[in-house]
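Asks: Below: one structure in structure tokens.
The values are calculated or read from the model by the stated rules, or taken from the named source; none is laboratory data. Just so it is clear, the model here is predicted, and its values are computed rather than measured. Every residue, glycine among them, receives a Cβ derived from its backbone with ideal geometry; neighbour counts consider all protein chains shown.
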Amino acid sequence: MVPRILIIDDEEHLCWALERALQQEGYHVHTATSGVKGLELIREKQPNLVILDLKMPEMDGLEVLKKAREIQPRMPVIMLTAHGTIETAIEAMKMGAADYLTKPFDLDELKLVIKQNLRVSQLTTEVNFLRSELTRKYTNMLVGNSPAIREVVSLIERVAASNATVLITGESGTGKEVTAVSIHQNSPRREGPFVAINCAALPEQLLESELFGHEKGAFTGATSRKLGRFELADRGTIFLDEIAEMPLPMQAKLLRVLQEMSFERIGGTETIRVDVRVIAATNRDLARAIEKGQFREDLYYRLNVFQIHMPPLRERKEDIPLLAEHFLQQFRPTYMVNKISPGAMELLSKYHWPGNIRELKNVIERAAIICQGEEILPDHLPKELLTPAREGSDLVVRFPDQGISLEQLEKELIVKALEKSGGNQTRAAQLLGITRSALLYRAQKYGINTS
């Protein structure tokens, strides 16, 4: 879209000259030789930027600026002022003007100022749009009326207004990131950035660069300076997902940042100070990880100022119909389906959901794709939901007189589940009633080859 520029100046020849010059730059240009006419054009044309003379008869530039900002608060206004009215121009800046130039001004300088302010305005609009999209995406995502989810909502409301570090625990797919965003959106930092990073997704050196940034030439491939996530999250919130997977050396560096809220970029000497709220999440038992020497105890206490535990879906089954309908509404703009049949809803409610809410959402979307009509039926659901749960167990354990190794039993169960599932990790996890990540963690623990 071609930017629209409005020039408000009582000198007609200046309006004419600027109009010609800016049209040659590709802008749509409108002019007004009085403040009253200029305000009319602001309402009518909704310009992207205004060039406003400070000294005009009838209504001066300051009065026009005040009324213009009432009409379009985010519209950048560049003031034109004579040498003797610099103080007034500064007053205009305090009132919200984006910039000012002194007459006579250089045309190239004006073009540069216009270009810079339009770019800043565009970036501000994009940030506001993305922020509203984030709010829309996560608002009311903590769906449910169960006591377990009501307790989570209550904890979010209590901790959001503070600046306390929050540790969110729970199985994969229970909504830990949604909870983190909810805390941010309900906090005084809501206008600041929300920056997330998955600590398990990157090797140690790349993780350090992502968190703290690096200087040009800090390592092979560092062709320019890069700002880290902590720096990008200044005056906002940083979300450290899967914090338990962070290597121990990185845990020590993170501890220092949490204590001092300062750090140096890789390859740099400048100490950078930030104002960041930290929210961390994990699906592992950190107390057990501390016992095994896999997680620093001092870091745990620094993170665990306020803990929120996300309940698995199997412990809040009364929320399944509400969640299913919620996801169905999300998919309605794309798919024709309008409702879920009682039979399908019964199967959804009875299933044990090892993948929790994420798995439920995927099942609803899959059913919406398969369904050719307006109603999801039992046949549209995955086969594992159609198989009735066993009332008893056909597992036979021979318990010797001398006792049994629980770890050896767990190892054998994982091997048997992988054999039964033909090596399918997700199915093996479902057979054991655990998440895939929990299966992989235990398999790695016992040295079991899952491939």
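Asks: Name the single residue, out of those in region 53-93 being among the small types (G, A, S) and assigned to a helix (DSSP H, G or I), that is surrounded by the fewest Cβ atoms within 10 Å (Cβ to Cβ).
Replies: G84
Asks: I'd like the residue in region 244-259 that is out of contact with any Ser or Thr (no Cβ under 9 Å at 6 or more places or on another chain), surrounded by 15 or more Cβ atoms within 10 Å (Cβ to Cβ) and among the aliphatic types (A, V, I, L, M) and, out of all such residues, is farthest from F295 (Cα to Cα).
Replies: Ranking the candidates gives V257 first.
Asks: To continue, here is another question. Restricting attention to region 189-209, does a residue exist that is touching a residue at least 24 places away in the same chain (Cβ under 8 Å), closer than 24 Å to T174 by Cα and in contact with a His (Cβ under 7 Å, 6 or more places away or on another chain)?
Replies: Yes; the residues of region 189-209 include at least one that is touching a residue at least 24 places away in the same chain (Cβ under 8 Å), closer than 24 Å to T174 by Cα and in contact with a His (Cβ under 7 Å, 6 or more places away or on another chain).
Asks: Are there strands (runs of 3 or more DSSP E) fully within region 252-330 with at least 2 residues that are touching a residue at least 40 places away in the same chain (Cβ under 8 Å)? List them.
Replies: 262-264, 277-282, 306-309
Asks: While we're on this one: If I5 meets every condition in (1) under 19 Å from T124 (Cβ atoms); (2) free of Cβ contacts under 8 Å to residues at least 60 places away in the same chain apart from one, which number is that one?
Replies: So the condition that I5 fails would be (2).
Asks: While we're here: Given the conditions (1) surrounded by 14 or more Cβ atoms within 10 Å (Cβ to Cβ); (2) part of a helix (DSSP H, G or I), report the number of the one that V50 does not fulfil.
Replies: The number of the failed condition is (2).
Asks: To continue, here is another question. Based on what the data block shows, is I266 in the same structural domain as P203 (by TED's automatic domain parsing), hydrophobic (A, V, I, L, M, F, W, C) and in contact with an Asp or Glu (Cβ under 8 Å, 6 or more places away or on another chain)?
Replies: Considered against the rule, which asks whether it is in the same structural domain as P203 (by TED's automatic domain parsing), hydrophobic (A, V, I, L, M, F, W, C) and in contact with an Asp or Glu (Cβ under 8 Å, 6 or more places away or on another chain), I266 comes out as yes.
Asks: Can you go through A244, A289 and tell me which one is over 21 Å from V195 (Cβ atoms) and either touching a Phe, Trp or Tyr at 6+ places or on another chain (Cβ under 7 Å) or modelled with pLDDT under 95 (or both)?
Replies: That would be A289, the only listed residue that is over 21 Å from V195 (Cβ atoms) and either touching a Phe, Trp or Tyr at 6+ places or on another chain (Cβ under 7 Å) or modelled with pLDDT under 95 (or both).
Asks: Which condition from (1) without any contact (Cβ under 8 Å) to a residue 40 or more places away in the chain; (2) of a type in the set (A, V, I, L, M); (3) closer than 28 Å to P247 by Cβ is the one that A161 breaks?
Replies: A161 satisfies every listed condition except (3).
Asks: Sticking with this one: Out of the residues in region 339-367 that are touching a strand residue (DSSP E or B) at 6+ places or on another chain (Cβ under 7 Å) and part of a helix (DSSP H, G or I), state the one that is surrounded by the fewest Cβ atoms within 10 Å (Cβ to Cβ).
Replies: We begin by selecting, within region 339-367, every residue touching a strand residue (DSSP E or B) at 6+ places or on another chain (Cβ under 7 Å); these are 339-341, 344, 367.
Adding the requirement that they be part of a helix (DSSP H, G or I) leaves 344, 367.
Values: A344: 22, A367: 26.
Taking the candidates together, the pick is A344.
Asks: Report the residue count in region 291-311 for those that are crowded, with 16+ Cβ neighbours inside 10 Å, under 27 Å from R158 (Cβ atoms) and more than 22 Å from the chain's Cα centre (by Cα).
Replies: Total satisfying the criteria: 4.
Asks: In the set E264, E270, which member is over 30 Å from Y441 (Cβ atoms) and modelled with pLDDT under 90?
Replies: None of the other options fit; the residue is E270.
Asks: Search region 380-390 for residues being touching a helix residue (DSSP H, G or I) at 6+ places or on another chain (Cβ under 8 Å) and at pLDDT 80 or above, and hand back the single one that is farthest from A344 (Cα to Cα).
Replies: If we take residues in region 380-390 being touching a helix residue (DSSP H, G or I) at 6+ places or on another chain (Cβ under 8 Å) and at pLDDT 80 or above, then E384 is farthest from A344 (Cα to Cα).
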